[in-house]
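This report concerns only the one structure given below.
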C-alpha cells in the first residue's frame, strides 16, 4: 500500500493525473482498474477518476510493494551551472534572461545544464524546492525558447502559479515582445500579419500559408521597424499567437528573414555578416491577467531583458542614445 498526503502543490488535480505523476511506474490501465475495484481510496472512501484533490486529503493506493516502489526523483539539476540571470522574482514566479546556447529543457542531445535545471538548483539551494517533499510537482517553465534564442522565460515556483500563467499564455494575457534583426526590409514599417502555420514534426520545420489549409493553424504576428543600418533592420515583434518558430518562419515568408537563421534565413547574408545564430531575443513581457486572478498583482508589470548582443553589435549607435 502507498499513501500520499496531499500538499498545496498537489491540490486542484484530478486524482488520476496525480497518481500518474506520483507513481510513474504504475501502468495507467492498472490504475484505472484499481479505481474501478475500489483499491484506490480518497480519505478512506471510494473515488472516481474525475475527483479533484484538496490540501490535506489522504490518497491510498492498495497495490503490491514492488509496484508501489518509491518514486525516483530526477536530481540531475544538481549538476547544473549556478549561472542564472534573474530579472524578476516573487513567491510565485521567477523570470530569467536565458543566454544564447542554453537549452530550455533537456533533450536527447543536451546535458543536464539547462535553464529549468539551473532554476531548480537555485530554488533548491534557496530552500524553496525540495524534490523529496513533492509527489507530483516540480518548478516548471511556462514557455520555452529555442537554444539559440535569448531572452525572458517565466518559471512557476508552485502548481497554482503554473496553472495561472499557463492560462494567461493560452488566453493572450501575457504579452510577449521580441527584438530581432532582418536582412531585408519588411513590406511596411509596421503591420499586424495573419497567416497559417503547420509544423513538419519529422523535419522540425514549419510551413506558412497566406490562405487557410487543412492541418494549418492560424497565426498572428505584429511587427514594427525600430531602426535601419547598413541594410539591416532592427524589428520589434509582438506575438499574438505562439507557434513553433513563428517569428522566424513568418518574417521569412514575407521576405524579411532573420539574420543568422540557418533554417529559414539567407545563407549568403549570414555568411557575409559572420552570424550563424538567429538574431532573436524575447525582449519584454507585460502581464494583463483578469482582475479576479490571484496573480493580478502582476498587472502593469513590464519586465525587460538586457540589450541582446546582436543589437549591440549592429546597432551600437542606437544603444548609446
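Screening the candidates 260, 255 for the property of being at pLDDT 95 or above and farther than 25 Å from residue 96 by Cα yields one hit, 255. Number of residues in the range 185-204 that are part of a strand (DSSP E or B) and loosely packed, with under 15 Cβ neighbours inside 10 Å: the value is 5. Answer yes or no as to whether residue 306 is more than 23 Å from residue 192 (Cβ to Cβ), within 21 Å of the chain's Cα centre (by Cα) and either in a loop (DSSP other than H, G, I, E, B) or touching a residue at least 60 places away in the same chain (Cβ under 8 Å) (or both). So residue 306 passes the test.
Just a yes or no: is a residue in the range 254-271 out of contact with any helix residue (DSSP H, G or I) (no Cβ under 9 Å at 6 or more places or on another chain) and either assigned to a strand (DSSP E or B) or not assigned by TED's automatic domain parsing to the domain that holds residue 207 (or both)? Checked the range 254-271: no residue is out of contact with any helix residue (DSSP H, G or I) (no Cβ under 9 Å at 6 or more places or on another chain) and either assigned to a strand (DSSP E or B) or not assigned by TED's automatic domain parsing to the domain that holds residue 207 (or both).
Here residue 97 passes the criteria (1) in contact with a strand residue (DSSP E or B) (Cβ under 7 Å, 6 or more places away or on another chain); (2) in a loop (DSSP other than H, G, I, E, B); (3) at pLDDT 95 or above except the one numbered (2).
Scanning the range 24-53 for residues that are under 24 Å from residue 157 (Cβ atoms), at pLDDT 90 or above and not in a strand (DSSP E or B) returns a single hit, 53. The residues listed here are 74, 97, 57; of these, the one that is over 25 Å from residue 150 (Cα atoms) and within 22 Å of the chain's Cα centre (by Cα) is 74.
Rundown of residues vs (1) under 28 Å from residue 173 (Cβ atoms); (2) loosely packed, with under 14 Cβ neighbours inside 10 Å, yes/no style:
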residue: 272; (1), (2): no, yes
residue: 283; (1), (2): yes, no
residue: 288; (1), (2): yes, no
residue: 297; (1), (2): yes, yes
residue: 304; (1), (2): yes, no
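The listed residues are 51, 91, and the only one of them that is surrounded by fewer than 13 Cβ atoms within 10 Å (Cβ to Cβ), closer than 20 Å to residue 137 by Cβ and in contact with a helix residue (DSSP H, G or I) (Cβ under 9 Å, 6 or more places away or on another chain) turns out to be 91.
The values are calculated or read from the model by the stated rules, or taken from the named source; none is laboratory data. Because the structure is a prediction, the values reported are computed rather than measured. Because the Cβ atoms are built from the backbone with ideal geometry, glycine has one as well, and the counts that use them run over all protein chains shown.
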